[in-house]
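Chemist: Starting off with a structure, shown below.
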Amino acid sequence: MEPKDIADLIKDRYPSELKETKEFRGQVSVVMRKDRIKEVMQYLHDTPELYFNYLEDLCGVDYLGKKEPRFEVVYHLFSLRHRHMIRIKAEVPEEDASIESVVCIWAGADWHERECFDLFGIDFKGHPDMRRILLPEDWEGHPLRKDYPLQSDQGEKEWHGYKEILEIAKKNKKYEVG
Amino acid sequence: MPAIEKQMNTKDLTISMGPQHPATHGVLRVVLDLDGERVLKCTPYVGYLHRGVEKLAENKTYLSALPLTDRLDYISSMSNNVGYCVAVERLFGIEAPERAKYIRTIMCEMTRISSHIIGVSTHALDIGAMTLFLYSFRDREVLMDLFEMVCGARLTVSYPRIGGVRNDVNQEFIDRLYAFTEEFPKTIEREYETLLNENRIWKQRTEGIGVISAEEAISWGLTGPTLRGSGVPYDVRKFAPYDAYDKVEFNVPVGKNGDVYDRYLCRMEELKQSNFIIRQCLEQMPKGAILAPDAPKFTLPAKDKVLNDMESLIHQFVLITKGPISAPEGEIYVATEVPKGELGYYLISDGSGRPYRMRLRAPSFVHISALPVFCRDALVADVIANIGTIDIVLGECDR
């Protein structure tokens, strides 16, 4: 099915949830409200003519200062049977940075959602094991947010693990450099 | 239960395998809950190699973000580069010339061969078959030399460019690669397959181990040979061809049982198919440009032009300092088939010279997340076989 027809199907089924559709280079993005996202995903997964059985990717995007609501959770869905894909974008506001988890639909969403929580601070409700994944458990902040600095500006408040590494490096240093 | 066992005081044991364990292929830590030798629960921990590639890419221009992609899957950096270039090209709406497409396809398949032979041989090494490891490094060396010949680097190549490749391949490269493709299928049959295919120990260690059904594999989002071992013929090169893959013939091998042995067979067959693709590319490769000539605002001009032509000098200056400033606004997801599976680039452009967001869908990350499924009812020794069979590189997983 053509991506535009899929977008139309979603529009017919969930007119109140869909905000807009965009097309760029043949790929269609469907921007949706987040409240019933799990229901929409279940529909996309179960309907025989859509049959999106494969979650290619799930990630977050931060549009700080560009747009309201601030965050988006982006799902790339693919159907192995029909060979079509669609991009669903769920808008997540900063005040209520949470969205329903889709782990019960695609098991592979598990780590993607944990990563999204780790790097963007978006909470996935109903996820079986919502912990940080790439960063240490006691890390503060969410690095992929646009207001998180590229280089540390924390000074004394720096993560203790980093300070420990610096101290070890100092202790083991044999020669003074420059 | 024998009397002696009844008196024995037993308890479940939790051990941490890794992060520095020779069989975890990098810094992967797996916490195993054990009842004797049986695995009750397996929990992988990743992130030891996290360098924030996605964050870094947001602060670099499209051109200078390319070397970051080398460092993901560092034993198949050529495919990562090609994936990135294809994604950016599609975002910009430019097309690489035919010759460049063929060269990139050749490079991708060479990488696939070198990655698969490392993958299979370290996998075999982990579960006790050492000989293959030595043979495979001998063959890989030929490919590494060829990479070095064409771009000067062996591992982190950064050879493809947005809109083409950095420099052309010469006749000596073509001859040497052709000679390799003549010899390689025989090597596979004579040395690799005779060592393992019917090896009784190898088969006992791999058959019926780490079984995953097709439905489960799809639900977990597995890709590449790890998915195809379960009998799902999903290959991005066939489903959404990029570069010259729509002009060459090849088969997509699939397994039946979805166990470690079938995935091994898939990889072996893919080696032959890659070899076949390289031969076709070498024979069909047309002459011509290697960098898109009609896109001066996106691709770096040739060096001799920069030195002699004012306009090219300006383009070069702007591209290096500010990036492609006429990049269109939009977003694109492009998947490419790297040796490990599907590598997806999701790029969002806001019209500036830097990607607003670059998301990497790394196959190793997804595969490790499914490790607990592979390790259901496994023994400790099977965990090693399972880590080998999903063919992971932690640089790509942690990004």
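Chemist: Could you say whether any residue in the stretch A:111-125 is out of contact with any Pro (no Cβ under 8 Å at 6 or more places or on another chain), surrounded by fewer than 18 Cβ atoms within 10 Å (Cβ to Cβ) and of a type in the set (D, E, K, R)? Give the steps one after another, and end with the answer.
Modeler: Initially, the stretch A:111-125 is screened for residues out of contact with any Pro (no Cβ under 8 Å at 6 or more places or on another chain), giving A:111-118, A:120-125.
The next check asks that each one be surrounded by fewer than 18 Cβ atoms within 10 Å (Cβ to Cβ); those that pass are A:123, A:125.
From what's left, of a type in the set (D, E, K, R): A:123, A:125.
Yes, that holds for at least one residue.
Chemist: Right, something else. Scan the stretch B:355-369 and report the pairs whose first residue is more than 7 Å from chain A (Cβ to nearest Cβ) and farther than 18 Å from A:Arg145 by Cα and whose second residue is small (Gly, Ala, Ser) and crowded, with 24+ Cβ neighbours inside 10 Å, with Cβ atoms within less than 7 Å and a gap of 6+ or a chain change.
Modeler: Pairs that qualify, where the first residue is more than 7 Å from chain A (Cβ to nearest Cβ) and farther than 18 Å from A:Arg145 by Cα and the partner is small (Gly, Ala, Ser) and crowded, with 24+ Cβ neighbours inside 10 Å, are B:Pro363/B:Gly224; B:Pro363/B:Gly341; B:His367/B:Gly341.
Chemist: So, one more: Any residue at all in the stretch B:303-321 that is away from chain A (no Cβ under 14 Å), touching a strand residue (DSSP E or B) at 6+ places or on another chain (Cβ under 7 Å) and under 24 Å from B:Gly83 (Cβ atoms)? Spell out how you get there, then give the answer.
Modeler: Of the residues in the stretch B:303-321, the ones away from chain A (no Cβ under 14 Å) are B:303-321.
Those left that are additionally touching a strand residue (DSSP E or B) at 6+ places or on another chain (Cβ under 7 Å): none.
No, because not a single residue in the stretch B:303-321 is away from chain A (no Cβ under 14 Å), touching a strand residue (DSSP E or B) at 6+ places or on another chain (Cβ under 7 Å) and under 24 Å from B:Gly83 (Cβ atoms).
Chemist: Tell me which of these A:Leu55 doesn't satisfy, since it passes every other one: (1) touching a Gly at 6+ places or on another chain (Cβ under 7 Å); (2) free of Cβ contacts under 8 Å to residues at least 24 places away in the same chain.
Modeler: (2)
Chemist: Now, a different point. Taking the stretch A:1-31, which residues are free of Cβ contacts under 8 Å to residues at least 40 places away in the same chain and either within 14 Å of chain B (Cβ to nearest Cβ) or in contact with a Cys (Cβ under 7 Å, 6 or more places away or on another chain) (or both)?
Modeler: A:Glu20, A:Thr21, A:Lys22, A:Glu23, A:Phe24, A:Arg25, A:Gly26
Chemist: Another one. What strands (runs of 3 or more DSSP E) lie completely within the stretch A:1-104 and have 2 or more residues being surrounded by fewer than 16 Cβ atoms within 10 Å (Cβ to Cβ) and among the basic types (Lys, Arg)? Outline the logic, then answer.
Modeler: Numbers: elements: A:18-24, A:27-32, A:54-62, A:71-78, A:85-92, A:98-100.
By residue number, A:18-24.
Chemist: Is at least one residue of the stretch B:19-26 over 30 Å from A:Leu150 (Cβ atoms), touching a Pro at 6+ places or on another chain (Cβ under 7 Å) and not β-branched (Val, Ile, Thr)?
Modeler: No, the stretch B:19-26 contains no residue that is over 30 Å from A:Leu150 (Cβ atoms), touching a Pro at 6+ places or on another chain (Cβ under 7 Å) and not β-branched (Val, Ile, Thr).
Chemist: Would a scan of the stretch B:58-70 turn up a residue that is among the aromatic types (Phe, Trp, Tyr), farther than 23 Å from A:Arg145 by Cα and either surrounded by 19 or more Cβ atoms within 10 Å (Cβ to Cβ) or touching a Leu at 6+ places or on another chain (Cβ under 9 Å) (or both)? Can you show your working first?
Modeler: Looking only at the stretch B:58-70, we keep the residues that are among the aromatic types (Phe, Trp, Tyr), and these are B:62.
In the following step, the residues that additionally are farther than 23 Å from A:Arg145 by Cα were identified as none.
No: the stretch B:58-70 contains no residue that is among the aromatic types (Phe, Trp, Tyr), farther than 23 Å from A:Arg145 by Cα and either surrounded by 19 or more Cβ atoms within 10 Å (Cβ to Cβ) or touching a Leu at 6+ places or on another chain (Cβ under 9 Å) (or both).
Chemist: Another question, then. Suppose we filter the stretch B:193-235 for residues that are assigned to a loop (DSSP other than H, G, I, E, B), of a type in the set (Ser, Thr, Tyr), more than 10 Å from chain A (Cβ to nearest Cβ) and buried (at least 16 other Cβ atoms within 10 Å of the Cβ); how many remain?
Modeler: Looking only at that region, the number is 1.
Chemist: Do you know which of the residues in the stretch B:228-251 that are β-branched (Val, Ile, Thr) and touching a helix residue (DSSP H, G or I) at 6+ places or on another chain (Cβ under 6 Å) is nearest to B:Leu282 (Cα to Cα)?
Modeler: To start, the set of residues in the stretch B:228-251 that are β-branched (Val, Ile, Thr) comprises B:232, B:236, B:248.
Next, from what is left, pick out any that are touching a helix residue (DSSP H, G or I) at 6+ places or on another chain (Cβ under 6 Å): B:232, B:248.
On the way: B:Val232: 30, B:Val248: 11 Å.
Of everything passing the filter in the stretch B:228-251, B:Val248 is nearest to B:Leu282 (Cα to Cα).
Chemist: Mind checking which residues of the stretch A:105-130 are farther than 23 Å from A:Tyr148 by Cα and more than 10 Å from chain B (Cβ to nearest Cβ)? Steps first, please.
Modeler: Just the residues of the stretch A:105-130 that are farther than 23 Å from A:Tyr148 by Cα, to begin with: A:105-110, A:125-129.
Correct list: A:Lys125, A:Gly126, A:His127, A:Pro128.
Chemist: Identify the single condition in (1) in contact with a Phe, Trp or Tyr (Cβ under 9 Å, 6 or more places away or on another chain); (2) within 14 Å of chain B (Cβ to nearest Cβ); (3) not charged (D, E, K, R) that A:Gly65 does not satisfy, given that it satisfies every other one.
Modeler: (1)
Chemist: Does A:Ala90 fit the bill of being more than 14 Å from chain B (Cβ to nearest Cβ), small (Gly, Ala, Ser) and under 25 Å from B:Leu56 (Cβ atoms)? So that I can check it myself, show each step before the final result.
Modeler: Details: more than 14 Å from chain B (Cβ to nearest Cβ): yes; small (Gly, Ala, Ser): yes; under 25 Å from B:Leu56 (Cβ atoms): no.
For A:Ala90, the condition - more than 14 Å from chain B (Cβ to nearest Cβ), small (Gly, Ala, Ser) and under 25 Å from B:Leu56 (Cβ atoms) - is not met.
Chemist: Another one. Given the criteria surrounded by 15 or more Cβ atoms within 10 Å (Cβ to Cβ) and touching a Phe, Trp or Tyr at 6+ places or on another chain (Cβ under 7 Å), does B:Val27 qualify? It would help to see each step written out before you state the result.
Modeler: Numbers: surrounded by 15 or more Cβ atoms within 10 Å (Cβ to Cβ): yes; touching a Phe, Trp or Tyr at 6+ places or on another chain (Cβ under 7 Å): yes.
Yes, satisfied.
Chemist: Which of the following residues is over 26 Å from B:Thr61 (Cβ atoms) and within 14 Å of another protein chain (Cβ to nearest Cβ): B:Gly341, B:Gly288, B:Gly330?
Modeler: Details: B:Gly288 fails: within 14 Å of another protein chain (Cβ to nearest Cβ); B:Gly330 fails: over 26 Å from B:Thr61 (Cβ atoms).
On inspection, the qualifying residue turns out to be B:Gly341.
Chemist: Considering only the stretch B:322-366, how many residues are touching a strand residue (DSSP E or B) at 6+ places or on another chain (Cβ under 6 Å) and aliphatic (A, V, I, L, M)?
Modeler: Number of matching residues: 8.
Chemist: Kindly evaluate B:Asp391 against the criterion of being more than 9 Å from every other protein chain (Cβ to nearest Cβ), among the acidic types (Asp, Glu) and within 30 Å of B:Leu13 (Cβ to Cβ).
Modeler: Values: more than 9 Å from every other protein chain (Cβ to nearest Cβ): yes; among the acidic types (Asp, Glu): yes; within 30 Å of B:Leu13 (Cβ to Cβ): yes.
So B:Asp391 passes the test.
Chemist: Go through the stretch B:219-243 and report how many residues are touching a strand residue (DSSP E or B) at 6+ places or on another chain (Cβ under 9 Å), free of Cβ contacts under 8 Å to residues at least 40 places away in the same chain and hydroxyl-bearing (Ser, Thr, Tyr).
Modeler: The qualifying residues number 2.
Chemist: Filtering the stretch A:60-91 down to residues that are aliphatic (A, V, I, L, M) and in contact with a helix residue (DSSP H, G or I) (Cβ under 9 Å, 6 or more places away or on another chain), which residue is farthest from A:Pro143 (Cα to Cα)? Explain how you work it out, then say what you get.
Modeler: Pass one, the stretch A:60-91, residues aliphatic (A, V, I, L, M): A:61, A:64, A:73-74, A:77, A:80, A:85-86, A:88, A:90.
Now restrict to residues that are in contact with a helix residue (DSSP H, G or I) (Cβ under 9 Å, 6 or more places away or on another chain): A:61, A:73, A:77, A:80, A:85-86, A:88, A:90.
Working: A:Val61: 12, A:Val73: 16, A:Leu77: 26, A:Leu80: 34, A:Met85: 29, A:Ile86: 28, A:Ile88: 24, A:Ala90: 21 Å.
Taking the candidates together, the pick is A:Leu80.
Chemist: Let me confirm something: among B:Val334, B:Val373, which residue is within 21 Å of A:Ile133 (Cα to Cα) and either out of contact with any helix residue (DSSP H, G or I) (no Cβ under 6 Å at 6 or more places or on another chain) or outside any helix (DSSP H, G or I) (or both)?
Modeler: Values: B:Val334 fails: within 21 Å of A:Ile133 (Cα to Cα).
None of the other options fit; the residue is B:Val373.
Chemist: Looking at A:Ser79, A:Ser98, which is the one that is within 26 Å of A:Lys11 (Cβ to Cβ), away from chain B (no Cβ under 14 Å) and small (Gly, Ala, Ser)?
Modeler: On the way: A:Ser79 fails: away from chain B (no Cβ under 14 Å).
The conditions single out A:Ser98.
Chemist: Continuing with the same structure: Out of B:Thr111, B:Thr131, B:Thr105, which single residue is surrounded by fewer than 20 Cβ atoms within 10 Å (Cβ to Cβ), among the polar types (S, T, N, Q) and touching a residue at least 60 places away in the same chain (Cβ under 8 Å)?
Modeler: On the way: B:Thr111 fails: surrounded by fewer than 20 Cβ atoms within 10 Å (Cβ to Cβ); B:Thr105 fails: surrounded by fewer than 20 Cβ atoms within 10 Å (Cβ to Cβ).
Only one candidate passes the filter, namely B:Thr131.
Chemist: Taking into account only those residues within the stretch B:71-83 that are more than 18 Å from B:Val165 (Cα to Cα) and more than 14 Å from chain A (Cβ to nearest Cβ), which is surrounded by the fewest Cβ atoms within 10 Å (Cβ to Cβ)?
Modeler: First, pick out the residues of the stretch B:71-83 that are more than 18 Å from B:Val165 (Cα to Cα): B:71-75.
This time we only want the ones that are more than 14 Å from chain A (Cβ to nearest Cβ), so: B:71, B:73-75.
Details: B:Arg71: 17, B:Asp73: 27, B:Tyr74: 15, B:Ile75: 17.
Top of the filtered list is B:Tyr74.
Every residue, every condition in (1) modelled with pLDDT under 90; (2) of a type in the set (Val, Ile, Thr); (3) surrounded by 15 or more Cβ atoms within 10 Å (Cβ to Cβ), yes or no:
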site	(1), (2), (3)
B:Glu269	no, no, yes
B:Lys297	yes, no, no
B:His315	yes, no, yes
B:Ile320	yes, yes, no
B:Val334	no, yes, yes
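The values are calculated or read from the model by the stated rules, or taken from the named source; none is laboratory data. Source: prediction; values computed, not measured. Quick reminder, even Gly has a Cβ in these numbers, built from the backbone with ideal geometry, and neighbours come from all protein chains shown.
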